[in-house]
Every structure is written in structure tokens, then in C-alpha cells.
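The values are calculated or read from the model by the stated rules, or taken from the named source; none is laboratory data. Since the structure is predicted, the reported quantities are computational estimates derived from the model, not experimental observations. Here Cβ is always computed from backbone atoms with ideal geometry, including for glycine, and neighbour counts include all displayed protein chains.
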Amino acid sequence: MEIKEIQEEIIDEFSMFDDWMQRYEYMIDLGKSLPLINEEFKTDDNIIKGCQSKVWVHAELEDNKLVFTADSDAIITKGIIAILIRAFSNQKPQDILDADTQFIDEIGLKEHLSPTRANGLVSMIKQLKLYAVAYQTQIED
Amino acid sequence: MLDIKKIREDFPILKREVNGKPLVYLDNAATSQTPQQVIDVIVDYYQNYNANIHRGVHTLSQEATDKYEQARIKIQKHFNAAKSYEIIFTSGTTHSINLVANGFASLINKGDEVIVSAMEHHSNIVPWQMLCERTGAILKVIPMNLEGELRMDVYEELLNDKTKLVFCNHISNALGTINPIEEIIEKAHKVGAAVLIDGAQAAPHLIADVQALNVDFYTCSAHKICGPTGEGMLYGKEEWLNKLPPYQGGGEMIAEVTFEKTTYADLPHKFEAGTPNICGGIAFGAALDYMNAIGFDEIAKYEHELLEYATQELLKIDGLKIYGTAKNKTSVISFNIEGIHPYDMGSILDKLGIAVRTGHHCAQPIMDFFKIPGTVRASFAFYNTKEEVDVLVAGVLRAKSMLL
């Protein structure tokens, strides 16, 4: 599935919720079910330092597609990471680079993407895109 | 008895809603809210006598200068400083500490020792580390116990004739501990060391008498005592302020300038380069008037009741642990619930209209000491109520059921 389609699917899922509590409960569930990053990749090199919660991201190229695994010590952050990974993992680097993150607004989580929010998620998206740039260059070489 | 209902009427912001819920503001240790009386002073300044001070011959400038200098005298009286020129207006506690640290760079030599406490805010650690890097002085740390109290026995062992400076907060921002600063000051003086006390967290709860304390430097920020942000004060004993070189060069701080040589202005202007936060200084004075009209004894008594009630109610929650259980503490409760990251707790509480601080509270060494990533911190002011404590407790329980 293309990134755009996955994002539409996520928007559909979130449209079922009436209030913030249901959205948060769903995110918390997503966070709990996120396949964890392999412990060996939970290194300081892979850490994205937000002010308050730690986020680790690891990327690997499989069949010219980028596969992301990640973890966080905060569960709500983890839920949002799970959503991002679902949208961006297993995609071609160029497609990741071209994709936008508008869908986060549409599922009512805009507040988490504000650059002033101290949760490191903006840095996380930047990091996903940086991995995409790096691997895109590798493919072109 | 404080009439809390009437006091709350003074604070327009307390009427607003957040995320569709009435605001419960429990982040007072970060910044306090501003009463209408202080807001009116700010508006009055910009509507009626906004002008640069100490320079103009015109009426507005004279009026602004008079009010600004009156504010300095209010601050002097509040802290019982001997002279009004021992009160330096700064942009806040961080600025004050940097001013002193920078000045000491020329008074400290390689191998000298400076002592800091283990429960400092980063703003009372980093400037001194920078000082040590520049001068080759050595930084020593007074450790604390698990209750969050300073180990005074170790402090005594750290003091010696190489100790030049001791700096410590009056009250810890992360734990609420009231430190025994009288003893800290007295013992430091015995070895000839100067003492700087960071009063940022103490100023909203009690009045520090700088002469009775015999402290060398004392500092606080206006925005934690119902005043505006970007404004604060540094008290320094006259003899120390005369010894320290100016921090910043510029207008206002000079006596005479030629390209060959500049002579500096007298105290306090020597440390007040450039156009200051005039409105902020005047509003700082108004905030002290407001707090004093309510009365610090009453405030302390009421906040202590809130602290005891909140502690008792929060501890009923299974798995909740409070960090900072000193016998002598102010209305700050730092806590975690086993298995829940403070960031998650804070996010859910925010959705419920409850403002708390989460994270390391700019005091990472304390978090490292307790081996935690941070805490949730609820800090109470005299305008908070027991009903708000109940809302907090209900919110924590709700967040807990969602997150675990």
C-alpha cells in the first residue's frame, strides 16, 4: 500500500472516535502493541532526544524499502511512533521523502507535532526523512 | 483566614477553560499567575508614562524614573536590605547568578574551591561550572539524602580555607525542600567564603531578611511572585558589589566615557547597563505590594494546609511515590506512579484542564540521584483550593486507569 493510502486508512480509523479519551486510549493501545526495536539498536546513537521522553529509531533497507523499528519510554509517544511507523515503514526512500505528515492534524493529534512540544516527535519525523535521504543516496550509488 | 474565593477573583486567568475544562493551575513553581492589580500597573505604565529613565528632562521620563526607583525601594524594604543601591534589577534569577559568577572570575584563582548543593536548578550549576572552567577552580557538591535533605555533615567536611564561594537554593524547585541556609551561610563565613542564595522558589512563600541572614548575595525572579516575566533582582552586600567588576558594558552603567578610558557609575547602575525592563521593575514592586497586603504568614499557613491535604490524598493512590519528603518543605509535590512515564501522566492531566510540570525540572542531577527520567510536579499557590487538589487526584486516577 502506498503511504497516502495508509494515511487515509488511519484517518478513517480515527474518525470513529468521538472524543480525546477514545483517541488517547487507542494510541495507548497502539503504543503497547508496537513491535519493539531490537535491544541491540537501543543505543545512544539511535536516540532522538526530546526534552522529556526518549525515542529510539533504527532503519534497515530491505528490497530497496526502508524498514523502521522504534521505541520510547513514554507510552503516548510510543503510540504516535506506532502511527508514524505504520505510515512510513516498508516504503521506498523517495516515497518517504515525498510524503507529508498532514494526516497527523486530521486525526486530532496536531498538538503533538508542534515544534515547541517537548516530545521529540518533530525531530523523529526529521530523523525518518534523514534516513530516507541517506538510503536514497545509497540506492542511487 | 484568607478569603480564597475573593483572592481568586483577582486572577482573571483562573476563570478560563482549558480543553473544555475549568483550568486547574498547579504549575506555580514554574511561574505564578498575575493579579489584576499588577496587570493594571503594567497597563497604566504603557498608557500614561512610558519613557526611558534616568536620562530625560521631560515629565514622562521623570515619572517613569520615580516609579522605577520607588520599586527598588519596595524591594529593598521587602528583603530588608540596608541600602537601596544593594538591590540590582536583573532579568531574573539566571541573569543574577551569571552576573555574580562572571564577576567572581576575576576574584578566583586556580585551585580555589566553590561548593554547590546537589539539588540545584541548572541555572545555579552551569554558570559556576563555566566559572570553574575559566579559572581552574574546583566545584564540590553537598550531597543529599533520600528524603531530599542536604547532608550538612558532609558540607562541613567540604569547607576549608580554599573555599571561596558557596551557592545553594533557599528552596528546591524540584523537591520543595527548605534548606537550612542560616547554617550554610554561617559555616561558609567561618572559612571566609561568600554565599549566594538562589531565592527563586522561596520568594513566593516566605520573606528572606538579607541582613538577619547575613547573606552575601540573594536573588529571585518577579514572575514567581505574581509579577511579570523577564524581571528579577539581585541583592548584594555593598562591599561585594563594589569588589565585582561590571557584567555588561553599555549606557546607564558609566560615569564618563572617552576612547582612552571609561569610569563606571556608582551602585546600582554599574550593573544595570542599557535600558532596563522599566515596566517590569515597577510591576515587580506592585506584585510585592499585592503579596504583602495578603500577608506572607497567612500565605505560608494556608499553603501548608494545601500541601498536607494534597500529600495525604495523593498517597492514597496505589503505586504513587513522592520524591522530596523533607520535614521542612513548601507546597511542591513531585511524584510518579510506578510504571507510568511522567510525560504520559502530564499529557492526560492537560487534557483534563490540569496544568502540572513534567520532566526533570531543569534539575537533572536530582533525577539521576533518584534514577528516574523525571517526575510529575504539582506546585500550589495561595489561590489554589482543596477542591482543585481533589480534581488533581481524580485526574491522576483517571490517567492511571488509561495508562496502565
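Brief remarks on what is shown
- Matching residues in segment B:257-267 - criterion: being surrounded by fewer than 12 Cβ atoms within 10 Å (Cβ to Cβ) and under 26 Å from B:Met233 (Cα atoms): B:Thr263, B:Asp266
- Scan of segment A:79-117 for residues that are part of a loop (DSSP other than H, G, I, E, B), modelled with pLDDT under 90 and surrounded by 15 or more Cβ atoms within 10 Å (Cβ to Cβ), ordered by number: A:Thr101, A:Ile107, A:Gly108, A:Leu109, A:Arg117
- Hey, B:Thr93 closer than 23 Å to B:His122 by Cα and either surrounded by 20 or more Cβ atoms within 10 Å (Cβ to Cβ) or not small (Gly, Ala, Ser) (or both) or not: yes
- Any hit, segment B:63-79, residues being in the same structural domain as B:Ile278 (by TED's automatic domain parsing) and under 22 Å from B:Ala193 (Cβ atoms): yes
- Tally, over segment B:155-177, of residues that are closer than 18 Å to B:Phe369 by Cα and either surrounded by fewer than 16 Cβ atoms within 10 Å (Cβ to Cβ) or not hydrophobic (A, V, I, L, M, F, W, C) (or both): 6
- The residue of segment B:14-72 that is farthest from the other protein chains (Cβ to nearest Cβ), among those that are surrounded by fewer than 20 Cβ atoms within 10 Å (Cβ to Cβ) and of a type in the set (Ser, Thr, Tyr), is B:Thr59.
Let's see how each residue does on (1) more than 11 Å from chain A (Cβ to nearest Cβ); (2) among the β-branched types (Val, Ile, Thr):
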position: B:Ala293; (1), (2): yes, no
position: B:Leu306; (1), (2): yes, no
position: B:Tyr309; (1), (2): yes, no
position: B:Asp318; (1), (2): yes, no
position: B:Ala326; (1), (2): yes, no
position: B:Phe335; (1), (2): yes, no
position: B:Leu352; (1), (2): no, no
position: B:Ile366; (1), (2): yes, yes
position: B:Phe382; (1), (2): yes, no
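- When residues of segment B:349-379 are limited to those that are closer than 22 Å to B:Gly20 by Cβ and of a type in the set (Gly, Ala, Ser), the one nearest to the chain's Cα centre (by Cα): B:Ala378
Okay, residues lined up against (1) within 11 Å of chain B (Cβ to nearest Cβ); (2) loosely packed, with under 11 Cβ neighbours inside 10 Å; (3) closer than 21 Å to A:Ile125 by Cβ:
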| site | (1), (2), (3) |
| --- | --- |
| A:Ile3 | no, no, yes |
| A:Ile10 | no, no, yes |
| A:Glu13 | no, no, yes |
| A:Met16 | no, yes, no |
| A:Ile28 | yes, no, yes |
| A:Ile37 | no, no, yes |
| A:Gln52 | yes, no, yes |
| A:Trp56 | no, no, yes |
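- Condition check for A:Leu61: under 15 Å from the mean Cα position of the chain (by Cα) and of a type outside the set (Asp, Glu): no
- Every condition in (1) more than 27 Å from B:Met119 (Cβ to Cβ); (2) more than 14 Å from every other protein chain (Cβ to nearest Cβ); (3) part of a helix (DSSP H, G or I) is met by B:Ser401 except one, and the failing one is (2).
- Any chance B:Asp209 is surrounded by 22 or more Cβ atoms within 10 Å (Cβ to Cβ) and among the acidic types (Asp, Glu): no
- Subset of segment B:107-131 (residues that are surrounded by fewer than 21 Cβ atoms within 10 Å (Cβ to Cβ) and over 17 Å from the mean Cα position of the chain (by Cα)): B:Leu107, B:Ile108, B:Asn109, B:Lys110, B:Gly111, B:Asp112, B:Gln129, B:Met130
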